[in-house]
1. Tell me, please, whether a residue that is in the same structural domain as residue 156 (by TED's automatic domain parsing), farther than 25 Å from residue 146 by Cα and within 23 Å of the chain's Cα centre (by Cα) can be found in region 5-23.
2. Out of 324, 267, which single residue is within 23 Å of residue 28 (Cβ to Cβ) and in contact with a helix residue (DSSP H, G or I) (Cβ under 8 Å, 6 or more places away or on another chain)?
3. Being crowded, with 21+ Cβ neighbours inside 10 Å and within 16 Å of the ligand (Cβ to nearest atom) is the filter here; which residues of region 268-298 pass it?
4. Tell me which strands (runs of 3 or more DSSP E) are completely within region 299-357 and hold 2 or more residues being surrounded by 13 or more Cβ atoms within 10 Å (Cβ to Cβ) and outside the structural domain of residue 247 (by TED's automatic domain parsing), or say none if there are none.
5. When the residues of region 299-321 are filtered to those that are within 12 Å of residue 261 (Cα to Cα) and in contact with a helix residue (DSSP H, G or I) (Cβ under 8 Å, 6 or more places away or on another chain), which remaining residue is farthest from the ligand (Cβ to nearest atom)?
6. In this structure, does residue 45 turn out to be over 30 Å from residue 356 (Cα atoms), without any contact (Cβ under 8 Å) to a residue 12 or more places away in the chain and more than 16 Å from the ligand (Cβ to nearest atom)?
7. Take residue 265 and decide whether it is in the same structural domain as residue 333 (by TED's automatic domain parsing), within 13 Å of the ligand (Cβ to nearest atom) and under 18 Å from residue 72 (Cβ atoms).
8. Among the candidates 201, 194, single out the residue that is within 16 Å of the chain's Cα centre (by Cα), in a helix (DSSP H, G or I) and under 29 Å from residue 218 (Cα atoms).
Ligand SMILES: *Cc1c(COP(=O)(O)O)cnc(C)c1O
């Protein structure tokens with residue numbers, strides 16, 4: 001199947017639900033577009049791609065994903081530019097990561113053209129759902145799960161890949177309070193922390209809820225061996241500015257390889273800032289705070305792009321960050337990235353994938 005010739009059989013809805021959606025008060029992940037893309041893996045190949053009305057799927061109670069967790073996902077956003085074209089940001093990077101997650105969980109890998117054609121044709125059909133308002137976007141959720149109706153422990157022979165989409169407004173706009181997690185870990189080196197696996201999220205829910213009950217928005221994950229080095233902030237990669245240098249934990253098997261992380265680092269370099277990817281200890285952050293050189297702290301991820309951190313707590317001690325307005329690096333990178341992804345600035349790295357309607 002080549003990208004040019006694959007036309008996905010489409011079953012359209014009789015009547016769009018779009019008029020039921022209040023685009024001025026969008027809640028993340030609640031309202032879905034009219035259609036979804038579905039394709040099945042069986043007998044060793046991907047078969048029967050289709051676009052169908054968004055709706056329920058019926059599953060066997062023995063569906064292996066429900067028992068042993070072969071389930072992975074992606075998250076990406078589509079924007080509308082001034083011409084009404086739909087712009088995707090780095091979809092090939094998401095495709096690559098989907099397959100790296102699939103490999104880690106011993107699942108079937110998905111060909112690039114199937115991923116891209118599913119996305120494109122779904123977006124063309126549901127293009128009215130891509131909000132044009134600043135800060136809003138259409139959030140795309142590609143995901144794959146094991147479908148064998150078999151509860152023996154082995155990799156499934158069959159899988160389903162689906163793309164659903166929901167319009168979203170601007171995210172966590174207020175700076176967050178985070179605390180360093182002293183006991184729980186999200187992932188360990190050698191584990192599946194770099195994969196976007198459903199199970200990683202399930203295991204993070206309890207520690208996150210406990211931290212939220214103590215009044216924090218998110219927690220800072222540290223390494224599994226010593227709880228000494230910073231890994232991520234909640235479900236985002238994390239970055240700091242210390243003495244005018246943008247510093248972030250280097251990638252490993254325990255850290256999710258964020259597309260936003262990579263994009264922020266690249267844009268920061270393009271803007272002439274100094275960037276370091278290396279181990280970052282909690283002590284270093286505390287020391288920098290004491291010395292007055294900790295200028296910025298923020299999370300990066302597709303949902304919020306940049307989520308500013310107002311306060312970091314460790315061992316009951318609060319470390320407050322400077323006001324968000326004065327954060328030179330994250331503010332300038334966020335502004336530049338926003339211009340690139342919405343087609344208002346040159347795109348030197350060919351990140352924007354334009355879909356003509
Ligand atoms: C998805 C995710 C991120 C951010 O990745 P992006 O590609 O930037 O959206 C960071 N950490 C975790 C644990 C994630 O699941």
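1. yes
2. None of the other options fit; the residue is 324.
3. Matches in region 268-298: 268, 280, 297, 298.
4. Details: elements: 305-314, 317-320, 352-355.
The strands (runs of 3 or more DSSP E) meeting that bar are 352-355.
5. 306
6. Working: over 30 Å from residue 356 (Cα atoms): no; without any contact (Cβ under 8 Å) to a residue 12 or more places away in the chain: yes; more than 16 Å from the ligand (Cβ to nearest atom): yes.
No, not satisfied.
7. Considered against the rule, which asks whether it is in the same structural domain as residue 333 (by TED's automatic domain parsing), within 13 Å of the ligand (Cβ to nearest atom) and under 18 Å from residue 72 (Cβ atoms), residue 265 comes out as no.
8. Details: 194 fails: in a helix (DSSP H, G or I).
Sole residue among the options that is within 16 Å of the chain's Cα centre (by Cα), in a helix (DSSP H, G or I) and under 29 Å from residue 218 (Cα atoms): 201.
The values are calculated or read from the model by the stated rules, or taken from the named source; none is laboratory data. Bear in mind the structure is a predicted one, so any value in this text is a computation, not a measurement. Please note: Cβ atoms are built from the backbone with ideal geometry, for glycine as well, and neighbour counts cover all protein chains shown.
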